[in-house]
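First the structure, in the form of structure tokens, and then the observations on it.
Derivation of every value follows stated rules applied to the coordinates shown; laboratory data play no part. A quick note: this is a predicted structure, and the numbers were derived from the prediction, not measured. Here the Cβ is made from the backbone with ideal geometry for all residues, glycine too, and neighbour counts use every protein chain on show.
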Amino acid sequence: MGLSEFPKPPQKHRGIRILGIPIHLDPSWFLILAFLAWSNATGYFPSMYDGVPTWIYWLLGVLSALLLYVCIVLHELGHSLVAKAFGIPVTCVTLFIFGGAAQIAQEPKNPREEFLVAAAGPLVSAVISLVCFKLLPFLWPVESLGQFCVFALVDFLASVNLMLLIFNLLPGFPLDGGRIFRAVLWYFKRDYVWATRIASYLGLALAYLMIARGAWFLFVKGWMTSGLWYGFLGYFLRNAAQGSLNWSKWAEAKRAEMLRDQDH
């Protein structure tokens with residue numbers, strides 16, 4: 001999902017490192033990995049391809065869930081490497097139930113850094129999606145189960161990375177699009193606190209829309225899985241946006257207090 005302070009990373013990082021950046025697996029990641037594998041094996045792939053052995057559906061389900069998170073890691077590494085290029089320390093990349101988050105030790109120092117760091121992740125997703133779409137004509141028609149599995153997985157990655165790109169570019173903080181929007185506001189207004197507040201309000205609006213959509217899916221359409229997913233994701237975004245909004249209000253009050261002290 002981009003740069004974030006949620007969830008908090010552990011104090012010590014052991015295990016996987018990529019390009020010197022620790023990869024932390026939150027316990028919730030194992031739950032969502034199993035859910036995605038089951039959902040793709042019993043829902044997505046059977047709806048897309050008929051007449052395939054059940055074990056192939058399950059193989060595709062497991063591989064697609066793992067490859068999705070490989071793409072998310074690459075997305076977060078895009079953020080992380082650009083941040084490190086600007087001298088911003090990166091604590092780790094955390095994979096959790098709602099995707100991934102690059103944990104950075106400090107905010108970018110100016111709008112240009114904010115814009116480029118935030119845009120790096122979506123750019124990675126766009127490249128992955130484009131490459132996968134370009135590969136599809138060369139993988140069809142298929143002549144074996146192995147070739148079919150490759151085609152199905154590449155087709156899945158093309159579509160899912162496009163969806164991730166569109167979702168992450170929505171202009172609500174703390175999504176990547178919200179950070180890009182904040183960078184633009186920061187550049188023109190020259191006020192980081194004000195830009196954070198406006199982007200956070202948009203983040204709250206987006207979160208409540210997602211919660212409402214989840215409620216509609218759950219209670220009107222009867223789609224329990226989609227309804228709960230939208231609801232939980234909206235709730236998570238709402239908490240993150242509210243935290244940033246609270247900080248901006250505190251910073252604004254602190255700034256006003258300092259100005260009053262200077263006047264006296």
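Here are some notes:
- Sorting Asp176, Asp155, Asp191, Asp50 by the number of Cβ atoms found within 10 Å of their own Cβ, with the fewest placed first, yields Asp50, Asp191, Asp155, Asp176.
- Measure of compaction for segment 12-149 (Cα Rg per 2.2 N^0.38 Å): 1.25
- Most mobile of Tyr187, Tyr49, Tyr208 in a GNM of the chain (Cα contacts under 10 Å): Tyr49
- Potential lengthening of the chain between Thr42 and Thr225 amounts to 64.6 nm, from the contour at 0.36 nm per residue minus the alpha-carbon distance.
- Most mobile of Gly61, Gly177, Gly20 in a GNM of the chain (Cα contacts under 10 Å): Gly20
- For segment 38-155, the relative contact order works out to 22 percent when only alpha carbon pairs closer than 8 Å and six or more residues apart are counted.
- Principal axis box of segment 191-264, alpha-carbon based, largest edge first, Å: 62, 14, 14
- Calculated from backbone phi, Karplus (6.51, -1.76, 1.60) coupling profile of segment 72-87 in Hz, x at Gly/Pro: 5, 4, 4, 4, 5, 5, x, 4, 5, 5, 5, 4, 5, 5, 8, x
- Distance histogram in 10 Å bins (all Cα pairs of the chain, percent per bin): 7, 26, 33, 22, 9, 3, 1, 0, 0
- Here is how the number arises for the chain: DSSP H runs of 4 or more residues each give -39500 (n - 2.57), the sum is divided by the residue count, and the result at 222 nm is -24000 deg cm²/dmol.
- Fewest-first ranking of His24, His75, using other Cβ atoms within 10 Å as the exposure measure: His24, His75
- The stretch between Val150 and Phe86, if pulled fully straight at 0.36 nm per residue, gains 19.3 nm over its current Cα-Cα span.
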